[in-house]
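Participant: Below are the structure tokens for one structure; questions will follow.
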Amino acid sequence: MNILNILKIIRIHIVVGGFLAFSLGALLAIAGGGSFEPTRFVLGYVVVFLADLSTHFGNDYFDVEIDKNSEQKKFFSGSRILVNHPNLRQLSKSISLSLLLFSNVLAVLLVVFLNFPITFFIIILGASLVGWYYSAPPIRLISKGLGEVAVALVTGFVIPGMGYLAISSQFDLLFVYFAIPFIMYGFSLSLSLHAPDIEVDRKGGKTNLAVRLGQRHIIFLISIVVFLATLAFLVYSWQNAFSIDLSVVFLFSIIPLATGFFGVVGVFQKKKLNYFSAFNVAALFVFNMLMIIYLLLIVLTE
């Protein structure tokens with residue numbers, strides 16, 4: 001029973017999101033001229049997968065008191081397993097630290113034996129520290145107003161960047177171009193996830209942007225961020241500097257832009273805004289899926 005309960009801490013939808021982001025980075029590298037090597041792809045993803053799982057167990061461990069204030073389980077928030085089974089808290093912490101250690105050791109082995117760039121290890125080490133101290137004291141980024149920035153960097157730069165490095169072994173202008181709007185989308189994702197939990201987070205002592213600004217202002221901020229991401233893709237599409245048709249990517253970016261716009265309309269109509277947060281997350285998922293399908297078509301037809 002304890003094994004089943006501890007496994008329930010894993011949020012499969014977040015794991016899927018991480019795999020999509022890693023795959024997007026890898027496909028972007030292949031579309032830009034890189035060669036697909038299954039071993040490098042799989043082992044590179046295992047590094048990311050282990051680090052990702054670590055955050056599930058670590059965040060639940062450090063957020064037990066906050067999760068006690070939550071009336072119900074939220075799709076993207078804590079599992080409440082450790083609230084209902086406090087005897088599993090120490091095990092959860094140990095699993096988190098072990099996964100973090102295995103992730104970084106594997107990254108070192110890939111650098112030494114498979115010629116992965118040293119950048120690959122440096123990035124996962126930095127991301128591991130960010131993931132741990134996202135909730136862990138004394139730094140606890142989420143309580144210092146830096147949680148959204150951390151999520152933006154990890155989801156928009158680190159995870160797709162690890163996929164890119166697994167294939168190309170170095171960052172180039174193509175990745176830099178995409179990383180900018182990807183980080184914006186990561187920021188939008190974080191804001192959308194925090195917006196519905198403002199009251200719970202406030203009771204738990206979190207001082208993230210959602211708590212500081214309030215839900216309505218967060219909805220406005222999300223719309224600005226996704227607009228800037230769409231604007232970036234529009235500017236890129238005018239340059240025609242890559243083999244990828246960026247005008248197609250611009251069209252994909254209209255989907256999160258549309259949900260951001262509808263959120264603003266909802267503010268003026270004084271509608272319940274939690275639904276718009278869910279729409280924003282769904283729109284970003286659709287954008288990622290469309291990007292992966294498009295890049296697959298490019299790779300398979302070359």
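Participant: Looking at G33, is it over 20 Å from S96 (Cβ atoms) and surrounded by 15 or more Cβ atoms within 10 Å (Cβ to Cβ)?
Facilitator: When the stated conditions are applied, G33 does not pass them.
Participant: How many residues are surrounded by fewer than 19 Cβ atoms within 10 Å (Cβ to Cβ) and either modelled with pLDDT of 90 or more or in a helix (DSSP H, G or I) (or both) if we restrict to the range 222-249?
Facilitator: Residues in the range 222-249 being surrounded by fewer than 19 Cβ atoms within 10 Å (Cβ to Cβ) and either modelled with pLDDT of 90 or more or in a helix (DSSP H, G or I) (or both): 11 in total.
Participant: Next question. What pairs come up if the first residue lies in the range 41-56 and is more than 11 Å from A127 (Cβ to Cβ), the second is of a type in the set (S, T, Y) and assigned to a helix (DSSP H, G or I), and their beta carbons are under 7 Å apart, counting only those six or more places apart or on different chains?
Facilitator: L50/S103
Participant: Suppose we filter the range 85-113 for residues that are of a type outside the set (A, V, I, L, M) and surrounded by 13 or more Cβ atoms within 10 Å (Cβ to Cβ); how many remain? Show your work before the answer.
Facilitator: Taking the range 85-113 as the starting set, the residues that turn out to be of a type outside the set (A, V, I, L, M) are 85-87, 89-90, 92-94, 96, 98, 102-104, 113.
Next, only the ones that are surrounded by 13 or more Cβ atoms within 10 Å (Cβ to Cβ) stay: 85, 89, 92-93, 96, 98, 102-104.
Number satisfying all stated conditions: 9.
Participant: Here are the criteria: (1) closer than 20 Å to L189 by Cα; (2) out of contact with any Ser or Thr (no Cβ under 7 Å at 6 or more places or on another chain). Tell me which single one A51 does not satisfy.
Facilitator: (2)
Participant: For the range 256-267, does any single residue satisfy the condition of being free of Cβ contacts under 8 Å to residues at least 24 places away in the same chain and among the polar types (S, T, N, Q)?
Facilitator: Taking the range 256-267 and keeping what is free of Cβ contacts under 8 Å to residues at least 24 places away in the same chain, we get 262, 265.
From the residues that got through so far, the ones that are among the polar types (S, T, N, Q) too are none.
No; the residues of the range 256-267 include none that is free of Cβ contacts under 8 Å to residues at least 24 places away in the same chain and among the polar types (S, T, N, Q).
Participant: Separate question: For the range 149-179, what are the residues that are in a helix (DSSP H, G or I), of a type in the set (F, W, Y) and closer than 15 Å to F120 by Cβ? Working first, answer last.
Facilitator: Let us first name the residues in the range 149-179 that are in a helix (DSSP H, G or I), namely 149-168, 173-179.
Narrowing further to those that are of a type in the set (F, W, Y): 157, 164, 175, 177-178.
Of everything in the range 149-179, those that are in a helix (DSSP H, G or I), of a type in the set (F, W, Y) and closer than 15 Å to F120 by Cβ turn out to be F157, Y164, F175.
Participant: Is the range 133-141 home to any residue that is in a helix (DSSP H, G or I) and touching a residue at least 40 places away in the same chain (Cβ under 8 Å)? Reasoning before the result, please.
Facilitator: In the first step, residues of the range 133-141 are kept if they are in a helix (DSSP H, G or I); the result is 133, 141.
The next check asks that each one be touching a residue at least 40 places away in the same chain (Cβ under 8 Å); those that pass are none.
Among the residues of the range 133-141, not one is in a helix (DSSP H, G or I) and touching a residue at least 40 places away in the same chain (Cβ under 8 Å), which makes the answer no.
The rows are residues; the columns are (1) under 21 Å from the mean Cα position of the chain (by Cα); (2) closer than 20 Å to Y134 by Cα.
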| site | (1), (2) |
| --- | --- |
| I9 | yes, yes |
| V16 | yes, no |
| A31 | no, no |
| P38 | no, no |
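Participant: Would it be correct to say that A229 is touching a residue at least 24 places away in the same chain (Cβ under 8 Å), touching a Lys or Arg at 6+ places or on another chain (Cβ under 7 Å) and aliphatic (A, V, I, L, M)?
Facilitator: Considered against the rule, which asks whether it is touching a residue at least 24 places away in the same chain (Cβ under 8 Å), touching a Lys or Arg at 6+ places or on another chain (Cβ under 7 Å) and aliphatic (A, V, I, L, M), A229 comes out as no.
Participant: Something else about it: Is one or more of the residues making up the range 48-67 part of a helix (DSSP H, G or I), at pLDDT below 90 and not hydrophobic (A, V, I, L, M, F, W, C)?
Facilitator: Yes - at least one qualifying residue is present in the range 48-67.
Participant: Within the range 180-189, is there a residue that is within 30 Å of S94 (Cβ to Cβ), part of a helix (DSSP H, G or I) and within 15 Å of the chain's Cα centre (by Cα)? Walk me through how you get there before you give the answer.
Facilitator: First, pick out the residues of the range 180-189 that are within 30 Å of S94 (Cβ to Cβ): 186, 189.
Next, only the ones that are part of a helix (DSSP H, G or I) stay: 186, 189.
Checking the rest, the ones that are also within 15 Å of the chain's Cα centre (by Cα) come to 186, 189.
Taking every residue of the range 180-189 in turn, at least one turns out to be within 30 Å of S94 (Cβ to Cβ), part of a helix (DSSP H, G or I) and within 15 Å of the chain's Cα centre (by Cα).
Participant: Give the residue that is surrounded by the most Cβ atoms within 10 Å (Cβ to Cβ), with candidates limited to residues of the range 170-202 that are modelled with pLDDT under 90 and more than 21 Å from S223 (Cβ to Cβ).
Facilitator: Only one residue tops the list, namely D201.
The values are calculated or read from the model by the stated rules, or taken from the named source; none is laboratory data. All of these numbers come straight from a predicted model, not from anything done at the bench. Positions of Cβ are backbone-derived with ideal geometry, glycine not excepted, and every protein chain shown enters the neighbour counts.
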